[in-house]
Amino acid sequence: MEKRSAIVVLTGAGISAESGVPTFRGPGGLWEGHRVEEVCTPQALGADPALVHRFYDLRRAALLDVVPNPAHEALARLDREWRGELLIVTQNVDDLHERAGARRLLHMHGELRSALCAACGARMPHPGPLPPGSRCPGCGAAALRPDIVFFGEFPYAMERIEAALAACDLFVSIGTSGAVYPAAGFVAKAAAYGARTLELNLEPSAGSRRFDETRLGPASRLVPEWVEALLQSTQSSPMSR
Ligand code: OAD
């Protein structure tokens, strides 16, 4: 595994948990009594936009109080030092991967610090609160919404992700429960194309049995250990597919 050249890393809420960002399905996963599946839908946005915008305003503001942890930093190191192909696909809408320095990164579920125009489809940086009815600077419609992929909507960059899964030698999943598709299906897809699959998670997940190997523990320990071993092994021998 350690000598392979194309890697896809999938991250979920567990990688940011030790930074203080609550996970969705663990303790503290409820927001004012709502499950995330009840707030993050196009139906909820239509029925109660103030509630949905407030949910994301609070999460966006909370980013100011958190910093990347050693797991984000280890992936940023991998991004800097790995000479093969790498794609970090995150389901997270926080910005901790990029603040740690990761660049070969895709946010498949959108980004808290971004707004989406429901009228023209433009996406734009938006670091502050986003009241319902905010106007799009491009088309002028009062249609800006959080740039988050809601349940029932199509995740971003799926073509690029599918291509990377088909071409990778190693697929690594970090801190995700395997409860939400299509991300939960990436391991099967990568394995079907011949990749080795590794899971790093605090506890066994819904998808653990689909991985060649699962390592259990906190991401802040497991991810730096894995990155260090991977980089060490390729420094001592040439990379090969
Ligand atoms: P979940 O909350 O479903 O799962 C978090 C996973 O992280 C669990 O399997 C935990 O065991 C694990 N975990 C917790 N703390 C950890 C730690 N310190 N180190 C390693 N693992 C840890 O979060 P996701 O799988 O990311 O979608 O949820 C997927 C999607 O569901 C999210 O992207 C979100 C949500 O609805 C949108 O917002 C669109």
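Value of Rg to Rh for the chain, rounded to two decimals, is 0.98; Kirkwood radius and Rg both from alpha-carbon coordinates.
Taking every DSSP bridge with both residues inside the chain, close to 25 percent are antiparallel.
Cβ distances below 4.7 Å define possible disulfide partners, and in the chain the cysteines left without one are Cys40, Cys168. Distance between the C-alpha centers of segment 150-183 and segment 197-215? Whole Å please. Going from one Cα centre to the other spans 15 Å.
The phi torsions of segment 204-214, fed into the Karplus equation with coefficients 6.51, -1.76 and 1.60 and a -60° offset, translate into couplings of x, 9, 4, x, 3, 5, 7, 8, 5, 8, 10 Hz, rounded to whole numbers, with Gly and Pro shown as x.
Add -39500 (n - 2.57) for each DSSP H run of 4 or more in the chain, then divide by its residues: what number comes out at 222 nm, to the nearest 500 deg cm²/dmol? Walk me through the intermediate numbers first.
Values: 9 runs with 79 residues, N = 241.
Theoretical 222 nm ellipticity from helices: -9000 deg cm²/dmol.
Find the percent of Cα-Cα distances in segment 143-202 that exceed 18 Å, and round it to a whole number. The calculated P(r) of segment 143-202 puts 42 percent of pairs beyond 18 Å.
Relative to the present Cα-Cα distance, how much length would full extension add between Gln43 and Arg113 at 0.36 nm per residue of separation? List each step's numbers first, then the result.
Values: separation 70, 0.36 × 70 = 25.20 nm, distance 2.21 nm.
That pair, Gln43 and Arg113, stretches by 23.0 nm at full extension.
In segment 1-128, what is the volume of the convex hull around the alpha carbon atoms, normalised per residue and reported in Å³? Before the final figure, lay out the partial values.
Numbers: hull volume 16.7 nm³, N = 128.
In segment 1-128, the Cα convex hull volume per residue is 130 Å³.
Residue-wise HN-Hα couplings along segment 225-231, as the Karplus relation 6.51 cos²θ - 1.76 cosθ + 1.60 with θ = phi - 60° gives them from phi, are 4, 5, 5, 4, 5, 5, 5 Hz; Gly and Pro carry x. Between amide H atoms placed 1.01 Å from N, distances below 5 Å from Ser173 occur with Leu10, Leu198, Glu199, Leu200, all of them 5 or more places distant or on a separate chain. A simple count of charges around Arg215, restricted to other residues whose Cβ falls under 13 Å of its Cβ and scoring Lys, Arg +1 and Asp, Glu -1, yields -4.
Each Cα pair under 8 Å and six or more residues apart adds its separation to the average, and for segment 143-196 the resulting relative contact order is 37 percent.
Computed from the coordinates by the stated procedures, all read-outs in this text should not be read as laboratory data. For clarity, every value in this text was computed on a predicted model and none was experimentally measured. Cβ: placed from backbone, ideal geometry, glycine included. Neighbour counts: every protein chain shown.
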